[in-house]
Each structure stands twice: as C-alpha cells, then as structure tokens.
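What follows draws every value from the coordinates through simple rules; no lab data is involved. On a predicted model such as this, the values are computed, not experimentally measured, just so you know. Quick reminder, even Gly has a Cβ in these numbers, built from the backbone with ideal geometry, and neighbours come from all protein chains shown.
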Amino acid sequence: MKLTIGANGWPVIGHELTVGQLRRAVQSGAVAHAYLLSGPARIGKEHLALTFAQALLCTAESSAKPCGHCRACTLVAQRKHPDFLTLDMAWQGAMLPDKKSAQSITVDAVRLMNSELARSPHEGHWKVLLVPEAEGLTTQAANAFLKTLEEPPDQVVILMTSRDAELVLPTIRSRCQPLPMRPLPLSRVADALRQQGQHSEERTRLLARLSGGRIGWALQAQRDDTLLTRRAEALEAHGRLLRANRAERLLAAADLSKGDHALDMLQTWAGWWRDLLLVQSGAASRISNIDQRAELDHLSHRLPPTASRAFLRELQRLLAVLETTNANGQLVWEVLLLKLPSLSGEWRMANGMTD
Ligand SMILES: [Zn+2]
C-alpha cells in the first residue's frame, strides 16, 4: 500500500486532533500511562496505535518520529519489536500453550504480561503494550490487570482499543486517557482511495459510501476483495431469504449459525435496511449501497416502512447482543429469520399490502 502522510506528518489519514495530541506527547515526553482508542470496527484504531508505538520507539530525531524506516519502526510494523507487546489470544497461545483453547484472555496470561511489563525495556526508553478489543476482557482478567494500570512502571505505555468505550469495564476505562475516533467525511475517504491507485471512479464511490467513513474498512476493501465478496454473499443470502418460506428460513438458520462472519453479515443486512428506510422516506441520495439502488427502489414499494423500521430495530438489537456475547446460536437466527419481512403473497396480505 502506498504510504500517505497525513497533515500532522504521521502516516494516518484523518483523525488530526488525536494525532496532534499524541504527536505533542511524544515530542514533549509527557506521555500518559494508558490510552483507550475507541470507535467502530476498522475505523483505524490499531493503525493509529501502531503508529504511536512506532513514534515512541523510533530512533530517528524527535521531529521525524516515526520515520517509518528505522529498525524500530520496521519491527513495530511487523509486530516483532521486543518492546512492543500485544495482549491477545495469539500471544496467550504462544506463551501459555495449555491455554490455547481458552475462549478469552486468562488471569494467568495477564499475570505473565504484568511481570513482562515490570522488566526494563530491551532497546529504547519505552515499553508499549497493545490490548486490542479491551471490551472482551473478563472481570477476572481486568482485575488482574488493574494494579499495572493503576501504577504502571514508568516506562510503560498501554494502548487499549475498543469498538465502544462504554463496553469497557469502568475500572479499566476510568484509568485510561480517552481517544474517541469518529468516522471521516466520505469525501475524505474517497480522496484517500483515489490516492492509493488504479480503480474505477464507480468503485471508489461505492467503497467510500459502504465504509461509512471507516478509513480502515475502505483501504482494506480496496486492497483485497474479501470484504466485498463477503458483502456480496450477505446480500445474496438476504435476497434469497426475503423470498423464502418459513421452512426454507428455518433450514437456512441452521447453516447461518455455523458461519464465521455472522457480525459482518448482519451489519451488511442492517446497512441494507437503513438504506431501504432512506429510500422509503424520500432520502435515496443518502444511501450507502448505491449499487443496490434498483432492488431498493423495487422493494420500497413492496414492503411497508413500518416493517422496515421494526426489522432494522431487531437487527440492531441482535448486533448489540452478538458484539458483547458472541452468542451466534441457531435459535438466534431462527428468531431473526422468522421476523424478516417476506415478499410472499401470504405475508403481504397479513400485513395489509396489496399489489
Ligand atoms: Zn523510525
């Protein structure tokens, strides 16, 4: 990927205020012990955390940090710097092989990390710990981590990320400096995509819209087709299910509960229903799924807005549940699919619709 240098001299697109704040902290040495970067998935939290870690560990002169090419910057980018640690499942599995099948970060892993942080840095002045998805820490793991968070060794900087700061345990959250990250204007995302290279304007506009301002999503979707393929599959399943009968839906629920990308799928569906509501309320110019306009126009007349609103609420409720509990069971899907509005004549009649 082409490196884009932002207005603040860091390779971060947008998020100027936060970058400015972190940059001043690095230059003055007045770095907080713990930060909580929060914002929706793929908004750029981990990229910013890595860039901040590079700036702290970089060996170039102060105003050039992070230089992006010294040994320290390179090792952080590869996640191999000895003073850059990540408290995640991969680290836990590598350090504690008997915990490989654990479902979350264990107290033992936290204790091991605490003792690792208590040691002096190997190379530079700082030791940086990344804790991704801090909302997933169990109360026990969080409690084991509290002492380090309350009185961290001088040289330690802890960078936690979360898709929603409110989901992080208050004991953790209150000890971190908050760094909320908000979606970028869509025009900004489109400009960044154009700078990256050789894609059609149509694709650039679609990716910018679908990103909802999440620059990380847009860049990843442009780099490889995984996200767009997953979206196409989600839309295809959705279109099929709208036209499916009860028995077919129950069969599909069994399949969907075994899938790996339930959250992505439901987010795609929620985006689609938001768009349908926009079309139904005369605001079609604001839709995200601009390549679905014909289908949305067609269905906007075949489904009542009240049903769209009710089902979108249902999707949002389920998304909130899945994001916090990971309860991707067959029953959850059955309930959802039976509530999914239908294009069958029977359903439409029961809901007072005529052709
Ligand atoms: Zn460097």
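Computing FRET efficiency as 1/(1 + (r/R0)^6) for ASN143 and ASP88, where r is the C-beta to C-beta distance and R0 is 25 Å, gives about 0.85.
Taking every lysine pair in the chain that is 8 or more places apart or spans two chains, those with Cα atoms closer than 20 Å amount to 10. Using a simple spin-label model with pseudo-atoms 7 Å out from Cα toward Cβ, SER344 and SER101 lie 4.1 nm apart. In plain terms, the bigger the Kirkwood radius, the slower the diffusion; for segment 184-224, with that radius from Cα pairs, at 25 °C and 0.890 mPa s, Stokes-Einstein puts D at 258 µm²/s.
Counting only Cβ charges, +1 for Lys and Arg and -1 for Asp and Glu, the dipole size of the chain around its Cα centre is about 440 debye.
Under a crude label model (7 Å from the Cα following the beta-carbon direction), how far is ILE290 from LEU319 in nanometres? Placing both labels 7 Å along Cα→Cβ, they lie 2.1 nm apart.
The simple spin-label model puts a point 7 Å past each Cα toward its Cβ; for ARG194 and GLU166 those points are separated by 3.7 nm. With the helix formula -39500 (n - 2.57) applied to DSSP H stretches of n ≥ 4, the chain reaches a computed 222 nm mean residue ellipticity of -16500 deg cm²/dmol. Sequentially through segment 235-252, phi angles give Karplus couplings (6.51, -1.76, 1.60; θ = phi - 60°) of 5, 5, 4, 4, x, 5, 5, 4, 9, 8, 8, 4, 4, 5, 5, 5, 4, 5 Hz, Gly and Pro residues having no value and appearing as x. For a label point 7 Å from the Cα of ARG203 along Cα→C-beta, name the residues of segment 170-196 whose backbone N is under 19 Å from it. The answer is 189-196. Projected onto its three principal axes, the C-alpha set of the chain covers 72, 45, 30 Å, listed from the longest axis down.
Scanning residues 5 or more positions from ALA34 or on other chains, those with amide H under 5 Å from its amide H are ILE158, GLN177, with H placed 1.01 Å from N in the peptide plane.
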